[in-house]
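Here the structure is laid out as structure tokens; the discussion comes afterwards.
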Number of protein chains: 2
Amino acid sequence: MARPRSFDRDHVLHAAERQFRASGYNGTSVDDISSATGLGRGSLYAAFDGKHGVLLEAMTGYFARLSQGPRKMLAGPDEGALERLHQYLLRAVHGVPLAADVPPAPDRAGAACFAAKMALEVGASDPEVKRLAKECFSVVRTAVAECVRAAQRNGDIDPDADPDDLAYLLLTIIRGTDVVGAYGHSPARLTSIAESAFALLPRPHHR
Amino acid sequence: MARPRSFDRDHVLHAAERQFRASGYNGTSVDDISSATGLGRGSLYAAFDGKHGVLLEAMTGYFARLSQGPRKMLAGPDEGALERLHQYLLRAVHGVPLAADVPPAPDRAGAACFAAKMALEVGASDPEVKRLAKECFSVVRTAVAECVRAAQRNGDIDPDADPDDLAYLLLTIIRGTDVVGAYGHSPARLTSIAESAFALLPRPHHR
DNA sequence: ACGATTGTGTACTGAACAGTCAGAAACCTA
DNA sequence: TAGGTTTCTGACTGTTCAGTACACAATCGT
């Protein structure tokens, strides 16, 4: 009995995320979002309550998408946990996939953690953004810590090491590649960083 | 025969840097800079050629200031190089000092690498900013690599390890703490990250 | 003390901005 | 096919922005 909406909500949020990534939050105007998504200004305000609403929903969608990665890749039996961590590290340093079907990333700068990027720009004055970014970090860190514990149970990582400490360190490395990868290092170098980090993980003392 | 300028250039750039840090580049208006520095718009344009000029000069000044840190802390004889690296790591994860006389940092979010923050926001469309950020990363990485080599010569780090690989990894960790430290972890956790990273450095095999 | 020269602050301009609104369009039901 | 409801569209508003122009004040050599 009413006109149905003619756009796909997720598709719009995706386009907006790309735009925010490219221009930053304050560097993106509502007209930019309108152009990028194809939505008129009116529809934008009706559906998302303006620019800030678009950001929050885009970040929420990103969070849901991001969470699946580490959870799917890192969960599993104790056996093979170390290798899962290895593979996850190798992938994570190359950025967050923008969609489910594009595993690595076309360019590293555009594949930086969306939450981290927005938090660095406006998080200081935007508690909602700050909170969402914290959640993003938390979900990755928790999944990594759980995988470390699994590897410890399997005897692949030194049982004396604090799994939370290691998870914090690995998360820091992954986020660090967002910064240095975007404006410093080549993909090969990022792989090398991941391999170095993995190689330095504390192994159990033999006997 | 002419009136001398009545403001200290470095002091103005410092205040502008604080403002850019707090609000981001696009989130800072020329009036904001004017208020923060006490300079009128006219003087601002005459001395720095507008907002973008202020940013570039502020980043250049930051770069000069930043460079001194790792160079002073990391250079020295081979003996003690490992411990210098240790101390540098412990300090670096807590941020870049805003001035020479305030060693640690009042709040971690405000002490993130200025170059990294600006590069993440506008680097994609601003080659000058991108270049300055790369230089910042490069000077830290080079100093760290040199210190690693010194520690290797002294027998404190595994001579088979690639010092450049280690330097890239350590730089990534330091930059990563800019992100996670600002919006995730406590200072104590940052110290713990630095200690973990240091502890994992590859030591020489004891015979 | 004077005038040339430079710093300083304010007022102005055209453009871009976020947000609003009224009317046109599309859909389902009847 | 007509009615009612929701979405879409594009134009409009007041505000803010970056950058410029200009008048005034301050300083120094002479």
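The equivalent ellipsoid of chain B has semi-axes of 36, 17, 15 Å, largest first, where each one is the square root of 5 times an eigenvalue of the Cα gyration tensor. With neighbours defined as other Cβ atoms within 10 Å of a residue's Cβ, the residues A:Phe63, A:Phe7, B:Phe137, A:Phe20 order from fewest to most as A:Phe7, A:Phe63, B:Phe137, A:Phe20. Restricting segment A:1-67 to trypsin sites (Lys or Arg not before Pro) that sit in a DSSP loop and have at most 16 other Cβ atoms within 10 Å of their own Cβ leaves A:Arg5. Simple point charges give the picture: +1 on the Cβ of Lys and Arg, -1 on the Cβ of Asp and Glu, and for segment B:130-207 a dipole about the Cα centre of about 200 debye. Ranked for footprinting exposure by Cβ neighbours inside 10 Å, fewest first, A:Ile157, B:Ile173 give A:Ile157, B:Ile173. What is the helix-to-structure angle for A:50-74, meaning the angle in degrees between its Cα long axis and the longest Cα principal axis of chain A, kept from 0 to 90 and rounded to the nearest 10? The angle comes out near 30 degrees.
Here the Gaussian network model covers chain B, with springs between Cα atoms less than 10 Å apart; of B:Ala133, B:Ala36, B:Ala145, B:Ala36 fluctuates the most.
By how many degrees, 0 to 90 and rounded to 10, does the Cα axis of helix A:9-23 deviate from the longest principal axis of chain A? Once rounded, one gets 80 degrees.
Averaged over the residues of B:126-138, the number of partner chain Cβ atoms lying within 10 Å of the residue Cβ comes to 2.
Using a 7 Å projection from Cα along Cα-to-Cβ, the label point at A:Asp158 is separated from the same position in the remaining copies by 1.2 nm, smallest value first.
Ordered by the number of other Cβ atoms lying within 10 Å of each residue's own Cβ, fewest first, B:Val179, A:Val30, A:Val129 fall into the sequence A:Val30, A:Val129, B:Val179.
Under a model in which nothing but the beta-carbon of Lys, Arg (+1) and Asp, Glu (-1) is charged, the protein assembly as shown shows a dipole of about 540 debye around its Cα centre. Ascending distances from the A:Ala46 label point to its copies in the other chains, with the point 7 Å along the Cα-to-beta-carbon line: 5.4 nm. Straight-line cross-link reach from B:Lys117 at under 28 Å between alpha-carbon atoms covers these lysines, not counting any fewer than eight positions away in the same chain: A:Lys51, A:Lys117, A:Lys130, A:Lys134, B:Lys51, B:Lys72, B:Lys130, B:Lys134. Computed from Cα positions, the angle between helix A:127-153 and the longest principal axis of chain A comes to roughly 30 degrees.
Note on A:117-125: average number of Cβ atoms from other chains within 10 Å of each residue's Cβ is 6. With the label put 7 angstrom out from Cα along the Cα-to-Cβ vector, A:Ser125 ends up 1.9 nm from the copy partners, going from closest to farthest.
Rule-based calculations on the coordinates, nothing more; no lab input. Predicted, not measured: the structure shown is a model, and the values here were computed from it. Here the Cβ is made from the backbone with ideal geometry for all residues, glycine too, and neighbour counts use every protein chain on show.
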